[in-house]
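Asker: To start, I am sharing the structure in question, which I have written as C-alpha cells.
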Amino acid sequence: MAACALGAACLAQPAASPGATAELRLRIVGGLAGVNQFTRHEEPFWTRTLPTLTRGKVSAEIVAFDRAGIRGQDMLRLLQLGVVPFGTAIVSLSAAQDPLIGAPDLAGLNPDMATLRKTVAAFRPQLQESLRKQSGIELLAIYVYPAQVAFCTKPLASLADLAKRRVRISGVTQADWVEALGATPVATPFAELMPAMRNGQLDCAVTGTMSGNTIGLFEATTHLYAMPITWGVQLFAANAAAWNGLPADVRAVLLRELPKLEQAIWAESERETGEGIACNVGAAGCQAGRKGRMTEVKPSPADEQKRRDLLANTVLPRWIQRCGPQCAEIWNRTIGPVVGIPATLR
C-alpha cells in the first residue's frame, strides 16, 4: 500500500491473485490520517476485524485519503469513476462537486450531537437515493468527527468577536458562516493547519475538539469557542460496480458489520467532543489526550440565537443558490422540520 500513497491511480488496479492468506483483497481509502477515527476504528476494522469475521476469505489494505495523494474535494468523483472502489468522503468537501451532499452538515445546523443524529437520520434516505441514482455510488455508512469548534490565538467572549479575524475553514459552508460574522475564511488542509497557525497566517482555526488536541493546537492558541460549527460528517461508500462485483456473502458481512463500525465511531466522536475540550483546557476529564491551558468560551443564549439567524439568513440561502431550487424542496421534507427552519427561494 505504500506505493499507493504516491497517487490515486494505483487504487484502480485489480487486487493481486488470490494467495494463501486471502481469496479476496480489498483496497480502501479511509478518513484523515492520524486521528482516532482512522487509527482506532477504520484501520483495525479493515485490517484485522474483517479478515477474522471472514476466516481469512477477505483481507484489506487501507490508506488515509490525505496520505494517498487524494484531495478530499475529489473523493466523490473518484468513487464515481471507480478509481477509488471503496472510500471515505467528507461531505463538506464533496459538496464542491454536489452541493446536496453537504446538507446534513451545514455550518450552524447542529448545535449538539442529539440534533446531528436527527438531522442525519432525516436526510439519510435522500442521500442514499441521490448517490445511487446520480453517481452510481452505494452508501454503506455515515461517520462523524468530534464537534468542529474555533481555536483562537487571542481572547474572545462571543461569536461577534470573530469579526476581522483570519479563520481556518475546511469547506464552503464554513466559509459562508465566517464571512457572515465579518471574518476572513482561509481554506487550509488539515495537514497544513499547525504550520499556518504557528507562522501567523491564521488568527483562529475551525477543527475538531480532539483533532486539534492531537496535533497540538492548544500549544499555538489560547481560547476555545465551544459552539459546534460543523461536525465533519463523512460518508463511506463504494463504486456501484465494485460493490456489486463482491460475492454476495461478502456484501452480507459488510452490511451487517459496517453499521456496528458506524455506531462505534459516533459513540467515540460524542465522547471525544467533550474530552477534547477537557484536554485542551487541562480539566480532569482529559484521559486520552494531552492537557493544555486554553480558556473555554461557552456560547451564550444570544450566541445561540445568532447561530440560528446565521443559518436561516446566510448559510441556508447560499447553499440553495449553489444547489438549486430542488434542494429547497428536499430540505423542507427532510432536515427543515427537524430543526424548525424552512428553506425559501429568494
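Quick note: the coordinates plus some simple rules give every number you see, no bench work behind them. Please read all numbers here as calculations on a predicted model, not as lab measurements. A quick note on method: Cβ atoms are made from the backbone with ideal geometry, for glycine too, and the neighbour counts reach across all protein chains shown.
Asker: To make sure I understand, if each residue's beta carbon is the centre and we count other beta carbons within 10 Å, what order do 92, 211, 135 fall in, fewest to most?
Answerer: 135, 211, 92
Asker: A follow-up question, please. Whole-Hz Karplus ³J(HN,Hα) for the range 65-76, in order, using 6.51 cos²θ - 1.76 cosθ + 1.60 and θ = phi - 60°, x for Gly and Pro?
Answerer: So the Karplus estimates, Gly and Pro as x, are 4, 7, 10, 10, x, 10, 7, x, 5, 9, 4, 4 Hz.
Asker: Only Lys, Arg, Asp and Glu count, each charged at its Cβ (+1, +1, -1, -1), so figure out the dipole size of the range 21-112 about its Cα centre, rounded to 20 debye.
Answerer: Its charge dipole is roughly 400 debye.
Asker: Can you tell me the order of 223-235, 159-171 when each peptide is scored by its average per-residue count of other Cβ atoms within 10 angstrom, highest first?
Answerer: 223-235, 159-171
Asker: Report the local net charge at residue 54: Lys and Arg +1, Asp and Glu -1, summed over other residues whose C-beta lies under 11 Å from its C-beta.
Answerer: Summing Lys/Arg as +1 and Asp/Glu as -1 gives -1.
Asker: Something else about it: Give a quick list of GluC sites (Glu not before Pro) in the range 54-148 that DSSP marks as loop, anything other than H, G, I, E or B, with at most 12 other Cβ atoms within 10 Å.
Answerer: Qualifying residues, ordered by number: none.
Asker: Ranked by Cβ crowding within 10 angstrom, fewest neighbours first, how are 260, 133, 306 ordered?
Answerer: Placing the least packed residue first, the sequence is 133, 260, 306.
Asker: If you don't mind, another one. Mean Kyte-Doolittle of at least -0.5 plus a Cα span of 18 Å or more along the axis: flag which DSSP H helices in the chain meet both, please.
Answerer: 113-130, 248-281
Asker: What's log10 of I(q)/I(0) for the range 263-316 at q = 0.15, 0.26 Å⁻¹, Debye sum over Cα points only, no solvent?
Answerer: Debye intensities relative to I(0), on a log10 scale: -0.62, -0.87.
Asker: In addition: Considering amide H positions built from the backbone, and no H for Pro or chain starts, which residues 5 or more places from residue 188, or on another chain, come under 5 Å of its amide H?
Answerer: When sequence neighbours closer than 5 places are left aside, the close amide H contacts are 169.
Asker: Quick one: what does P(r) look like for the range 148-213 with 10 Å bins over all Cα pairs, in whole %?
Answerer: For the range 148-213, the binned pair fractions read 23, 60, 17 percent.
Asker: If you take the Cα atoms of the chain, find Rg, then find the Kirkwood Rh from the mean of 1/r over all pairs, what is Rg/Rh?
Answerer: On the Cα set of the chain, Rg over Rh gives 0.97.
Asker: Compute the Kirkwood hydrodynamic radius of the range 111-241, taking the inverse of the mean of 1/r over all pairs of distinct Cα atoms, and give it in Å to one decimal.
Answerer: 15.9 Å
Asker: A follow-up question, please. Over all alpha-carbon pairs in the range 198-332, figure out the percentage whose distance exceeds 24 Å.
Answerer: 54 percent
Asker: For the range 53-111, what is Rg from Cα atoms divided by 2.2 N^0.38 Å, rounded to two decimals?
Answerer: It is 1.39.
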